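Engineer: Handing you this structure, nothing more for now.
Each reported figure results from applying straightforward, stated rules to the coordinates on display, with no laboratory input. Computed from a predicted structure; not experimentally measured. Cβ placement follows ideal geometry from the backbone for every residue including glycine, while neighbour counts extend to all protein chains displayed.
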Amino acid sequence: MSFILSIKDKIYQVLIVGLFSYCMYLYVCNNSLENDNNILVSNNLILNQAIVTQKESISVLEKTITDNNSLISDITSKNNYSNKLLSESIAEINELRIMENKRAIENPFMAGNVASDMLSKRLSAITSTEDRSTN
């Protein structure tokens, strides 16, 4: 009978050691999971902050794009207006050249006098003095 009691005691001891080892294993796993959970919560907070920053950056970029698009539209309309004025000026200059060529053909000496007068007026405008020699 003592042999049975000694086996019984040994089984209990083995069971206690096994249960203690299993509890220690569960304790270590629990600590590891708690650490992993803390890291996950921290990463989640960082991610949420990054999302907020990204949304703010996107709204700033959208506003900048809208401002740039309106600026480009204004500049384009001013450029179109300038091109229109330029083409009108070029057409007017061409008409004046045609008219001057016709007058030069009709009266060649007068064209030279007109050219001389225009040159003297341009030079006087540049120097801010009047040339009285052609008057």
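Engineer: Give TYR22, TYR81 a once-over and let me know the one that is of a type in the set (Ser, Thr, Tyr), part of a helix (DSSP H, G or I) and over 30 Å from the mean Cα position of the chain (by Cα). Lay out the reasoning, then the answer.
Structural biologist: Numbers: TYR81 fails: over 30 Å from the mean Cα position of the chain (by Cα).
Matching residue, one of TYR22, TYR81: TYR22.
Engineer: From ASP117, ASP67, grab the single residue that is surrounded by 10 or more Cβ atoms within 10 Å (Cβ to Cβ) and in contact (Cβ under 8 Å) with a residue 12 or more places away in the chain. Please lay out each step first, then the result.
Structural biologist: On the way: ASP67 fails: in contact (Cβ under 8 Å) with a residue 12 or more places away in the chain.
Residue meeting the stated conditions: ASP117.
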